[in-house]
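> Okay, handing you the structure first.
The values are calculated or read from the model by the stated rules, or taken from the named source; none is laboratory data. No experiment lies behind these values; they were computed from the predicted model shown. Cβ placement follows ideal geometry from the backbone for every residue including glycine, while neighbour counts extend to all protein chains displayed.
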Amino acid sequence: MANAEPKNVNLRLERFEYRAVFSKTGRAKYISHLDLMRAFQRVFKRAHLPIWHTQGFNPHVYIMFPLALPLGTDSRVEIMDFALTEDIPYGEVLERMNAQTPVGLEIVSVSKPEHKHTDITAAEYVARLKTDKSVHEVAELFGKFMALDKIEIEKRTKKKTINLVDIKPHITVLDSKELEDSFEVTLRLPCGSSFNLNVNVVIDTFCERYGIEISEIYTERTKILMANGENFI
């Protein structure tokens, strides 16, 4: 019996690496991570860009997002890595993709990848919330929240057990403001291959502790950072 061969054994192995920075705003911020992958697969197909497929017995389109964006959060600094089988100029790739992206998704730039995904260690977020309490009261309560010795949340392990994790050491408050009708805070939170802290978890933990009812909330990821403090993109 002859040895089985991968279906794509005769495909070109040459690949050209690209990194796209894109925005995910408006209605698109409610697209799940899995549906985002599907959406961009359709973008490449409609843009007639020769996307590279992985080699082996189960080839699939090579598209990688190093960070999942919390559902409902805006961002203009999202990253997508992909590879093409042809060396196409960055500007042309950007134009052809933007001609096919759905509303709320827009390619900001296309370039050659410079840093590894493992270099990502943190991200910055802006959270703006309207509540059933006065803006000044929410600001005072947030100050008390960050002055706590511990801020513990429940975290499920791979073995499906629940542990208490202190997230206080992982939260850096960069700024806070009392706006006319809302409280705004800018946070730096860990993300990447070691530890990830969702901005919504921080806000929900704060509001649950002090019985705050949120009537409206806006969150946006504004930066993706490396260990040395520099922007990843």
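> Whether any residue in region 98-112 is surrounded by fewer than 18 Cβ atoms within 10 Å (Cβ to Cβ) and farther than 25 Å from K29 by Cα is what I want to check.
Scanning region 98-112, I find at least one residue that is surrounded by fewer than 18 Cβ atoms within 10 Å (Cβ to Cβ) and farther than 25 Å from K29 by Cα, so the answer is yes.
> Look through region 116-149, keep the residues that are within 13 Å of G192 (Cβ to Cβ) and touching a residue at least 40 places away in the same chain (Cβ under 8 Å), and return whichever of them is surrounded by the most Cβ atoms within 10 Å (Cβ to Cβ).
By that ranking, first place goes to A123.
> Next up: Contact list please: Cβ distance under 6 Å, first residue in region 70-93 and in contact (Cβ under 8 Å) with a residue 24 or more places away in the chain, second residue hydroxyl-bearing (S, T, Y) and loosely packed, with under 15 Cβ neighbours inside 10 Å, pairs at least six apart or on different chains.
Listed by first residue and then by second, the contacts come to Y90/S111.
> Specify which of the listed residues (E178, E220, E208, E184) is outside the structural domain of R76 (by TED's automatic domain parsing), closer than 21 Å to K24 by Cα and over 17 Å from the mean Cα position of the chain (by Cα).
When all the criteria are applied, what remains is E184.
> Then there is this: Is it fair to say T118 is among the β-branched types (V, I, T) and within 20 Å of the chain's Cα centre (by Cα)?
The answer is yes for T118.
> Let me ask another. Would you call P6 at pLDDT below 95 and either aliphatic (A, V, I, L, M) or within 19 Å of I224 (Cα to Cα) (or both)?
no
> Kindly provide the set of residues from region 183-213 that are in contact with an Asp or Glu (Cβ under 8 Å, 6 or more places away or on another chain), of a type in the set (A, V, I, L, M) and more than 28 Å from E114 (Cβ to Cβ), ordered by number.
Result: V185, I212.
> Can you go through I217, I203, I212 and tell me which one is part of a strand (DSSP E or B), among the hydrophobic types (A, V, I, L, M, F, W, C) and at pLDDT 95 or above?
Exactly one residue qualifies, and that residue is I217.
> (1) aliphatic (A, V, I, L, M); (2) touching a strand residue (DSSP E or B) at 6+ places or on another chain (Cβ under 6 Å); (3) closer than 30 Å to L84 by Cα: which one isn't true of V103, the others all being true?
(2)
> Related question: Go through region 143-174 and give me each residue that's outside any loop (DSSP other than H, G, I, E, B) and among the β-branched types (V, I, T).
Within region 143-174, I153, I162, V165, T172, V173 meet the criteria.
> Oh, and also: Give the number of residues within region 39-73 that are at pLDDT 90 or above and part of a loop (DSSP other than H, G, I, E, B).
15
> Determine the pairs where a residue that is of a type in the set (K, R), located within region 160-182, has a partner that is surrounded by fewer than 15 Cβ atoms within 10 Å (Cβ to Cβ) and assigned to a loop (DSSP other than H, G, I, E, B) with Cβ atoms under 6 Å apart, the partner being 6 or more residues away or on another chain.
What qualifies is K168/K150.
> Same structure, new question: Identify the residue in region 150-176 that is among the acidic types (D, E) and exposed (fewer than 13 other Cβ atoms within 10 Å of the Cβ) and, among all such residues, is nearest to F195 (Cα to Cα). Explain how you work it out, then say what you get.
Residues of region 150-176 among the acidic types (D, E): 152, 154, 166, 175.
Retained after the next criterion (residues that are exposed (fewer than 13 other Cβ atoms within 10 Å of the Cβ)): 154, 166, 175.
On the way: E154: 15, D166: 12, D175: 23 Å.
Looking at residues that are among the acidic types (D, E) and exposed (fewer than 13 other Cβ atoms within 10 Å of the Cβ), I get D166.
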